[in-house]
Amino acid sequence: MASVAYVVMWVYIDVDECAGPDRGGCSHECVNIQGSYECLCPPGYRVASNQLTCQGQSLQQYISSSLRSLLLAVATAVFSSIRLFFSALRAFFARRGILITIINEFINCRELKCSSDIAKQLFYQAANAIFG
């Protein structure tokens, strides 16, 4: 008696549900994923509970998400401005500290009757501290 062997092969073919004229039933955009599909909505809308149609956000949700984005942008700008302000303030006081030191040295130099070359050098250092 001859024995018969059977080989069974399964071939998986992904069907593009979005390729048809009905776009998988999606009201806006259909994206094919392996073994299924997903409906997407434009900005300001979200996928409804039936996973096919898009529904607009409520005014409160729209304002909330828009306000959140606006507040984040404003907070970022304010934070950057504050950082720049404090950097400039720190640089100003650093220059001022140098200037005060130079002025004190200049006064001491006048009292000690320093040479004019040293006085000129202190004057140039002061000008540089003021005007950068």
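The values are calculated or read from the model by the stated rules, or taken from the named source; none is laboratory data. Worth saying up front: this structure is predicted, and the values here are computed from it rather than measured. Quick reminder, even Gly has a Cβ in these numbers, built from the backbone with ideal geometry, and neighbours come from all protein chains shown.
Quick one: which strands (runs of 3 or more DSSP E) lie wholly within the range 1-82 and hold at least 1 residues that are at pLDDT below 85 and not acidic (Asp, Glu)? Steps first, please.
Details: elements: 29-33, 36-40, 45-47, 54-56.
Answer list for the range 1-82: 45-47, 54-56.
How many of the residues in the range 41-61 are surrounded by 14 or more Cβ atoms within 10 Å (Cβ to Cβ) and touching a residue at least 12 places away in the same chain (Cβ under 8 Å)?
Counting residues in the range 41-61 that are surrounded by 14 or more Cβ atoms within 10 Å (Cβ to Cβ) and touching a residue at least 12 places away in the same chain (Cβ under 8 Å) gives 6.
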